[in-house]
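Chemist: Submitted below is the structure of interest, expressed as structure tokens.
Derivation of every value follows stated rules applied to the coordinates shown; laboratory data play no part. Predicted, not measured: the structure shown is a model, and the values here were computed from it. In this analysis, Cβ positions are derived from the backbone assuming ideal geometry, glycine residues included, and neighbour counts consider all displayed protein chains.
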Amino acid sequence: MAHKALKNTCWIVFLAITGLVTNSCIESFVPETGIFDDALVIESTITTEVKEQQVFLNRAFRFEEFVPVPEENAKVIVKDDLGDEHSFQETSPGKYTSDVAFGAQPDRSYQLLVTTSDGKEYSSDAVLAPKISPIHGLKANRVVSGEDGMEILVEYDDSQTSTFFRYQFEETYQIIAPDWTGSELRAVAPFVLVVWPLDREERVCYKTDVSNDIIVNRPLETNQNNVLEFQVRFIDRNNYIISHRYSVLVKQLSISEESYRYLKKLDESSGGDDLFSPSQPGFFRGNVRSTNNQDEKVLGFFHVASVSSKRIFFNYSDFFPNEDLPPYVDGCLPFKPPTQSVNGEPTIFEMVANNVVRYHGTDAFGEFIVVPRVCADCTVLGDPNVPEFWEE
């Protein structure tokens, strides 16, 4: 949507637990002054994984302010239906972490209680932790109809068709520097460079990216022709992350219908006008509310989810045999920098000192040929340490 000065009121609500920034610009509808100037945003997903659970507290703010406003110095407690309480401490502004690691128990209810530094109290609905629904299957397929690439599919069994799911994934991929030579240029004296063997790993690295999209599904609603599978990730064949070996860990979160509807609505509204449209009375309601003032606007949702996960690996050659690799992140054209600056152009000595190039070769006249560092040093993009879970 094009920005129209003075006609749009733009708000951003940071929903930290979803990793989503919702940017909604509404034409012809200006919320009354103050509706969101002091709206608390509460987001948390408590899971069955035994870990330090987290709660995120922020304030709604105007787009022009650019930065979120964390809610600090709050008292945060998660209480279950047996009266057991888990206390949280603020570990960074607006981020609250449980004092001890714990996991939600299926078929038990949990409630979030928040007291802000000014004494205002907020509580969520009691949310039942669903039963764990294991991932029935996880596979990778090449898609050739339409856009060419790889899809990651979750497979269901018949008992899972009525379950509500949310998906998160962590993808780890191998990066191989295409112009690695095993050598580098070193300065041994002013304006004197020599070729020197590398004493560190720069050829093969690994990078992990975490999904930040809202991915939800109910098989009963999307099942077509009795195909019980769902695409959680598509990777274009020109994406360099699948150039060599790729792995993805998919987490399947069983959630309540209320969580599912909220996330689905949030996902739909993130690219449109729903969040602040007149039909939403100025805000997007979740399952958390003020216990002091029923009219106070509170944003966000307290989720409780049961988690199952599965990991797969594949090689580019498994699905693209004898085909060219995807384009690298750089064109990697070799060049010969000058030894003396011309029109302010940096010299090879400056480039080596600033660590922006790597040795590529030497021409017949003894002049050094280099490439951009990213082309011969994978550590620009990733970590040379092999992940513990990695399989070849």
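Chemist: Give the dimensionless ratio obtained when the Cα radius of gyration of the range 86-178 is divided by 2.2 N^0.38 Å.
Modeler: In units of the globular-protein estimate, the range 86-178 measures up at 1.66.
Chemist: Within a Cβ distance under 11 Å of R373, other residues only, what is the Lys/Arg minus Asp/Glu net charge?
Modeler: Values: positive: R358; negative: D179, E184, E202, D330, D377.
Net local charge, R373 excluded: -4.
Chemist: Something else about it: When the C-alpha atoms of the range 153-262 are aligned to their principal axes, what extent does each axis show, in angstrom, from largest down?
Modeler: Per principal axis, max minus min of the Cα coordinates gives 71, 27, 19 Å.
Chemist: In addition: Let a ≥ b ≥ c be the square roots of the eigenvalues of the Cα gyration tensor of the range 280-346; is it rounded (a/c under 1.5), or, if not, prolate (a/b larger than b/c) or oblate?
Modeler: Numbers: a/c = 4.81, a/b = 1.82, b/c = 2.65.
Taking the square roots of the gyration eigenvalues as a ≥ b ≥ c, the range 280-346 is oblate.
Chemist: Quick one: give the max-minus-min coordinate of the C-alpha atoms of the range 317-392 along each principal axis, largest first, in Å.
Modeler: 48, 30, 22
Chemist: Determine which lysines satisfy two conditions relative to K139: a Cα distance under 19 Å, and not lying fewer than 8 residues away in the same chain.
Modeler: Here the lysines satisfying the reach criterion relative to K139 are K251, K310.
Chemist: Here is the link list: K51/K265; K120/K264; K95/K297; K79/K264; K75/K265; K79/K131. Which ones come out longer than 24 Å on Cα distance? Before the final figure, lay out the partial values.
Modeler: On the way: K51/K265 28 Å; K120/K264 30 Å; K95/K297 21 Å; K79/K264 26 Å; K75/K265 29 Å; K79/K131 19 Å.
Beyond 24 Å: K51/K265; K120/K264; K79/K264; K75/K265.
Chemist: Further question: Take S109 and S92, extend 7 Å from each Cα along the Cα→Cβ direction, and tell me the distance between the two endpoints in nm.
Modeler: Placing both labels 7 Å along Cα→Cβ, they lie 3.5 nm apart.
Chemist: Where a ≥ b ≥ c are the square roots of the eigenvalues of the C-alpha gyration tensor, would you call the range 90-244 rounded, which needs a/c under 1.5, or, failing that, prolate if a/b is larger than b/c, or oblate? Walk me through the numbers before you get to the answer.
Modeler: Details: a/c = 3.44, a/b = 1.45, b/c = 2.37.
Oblate, since a/c reaches 1.5 and b/c is not below a/b.
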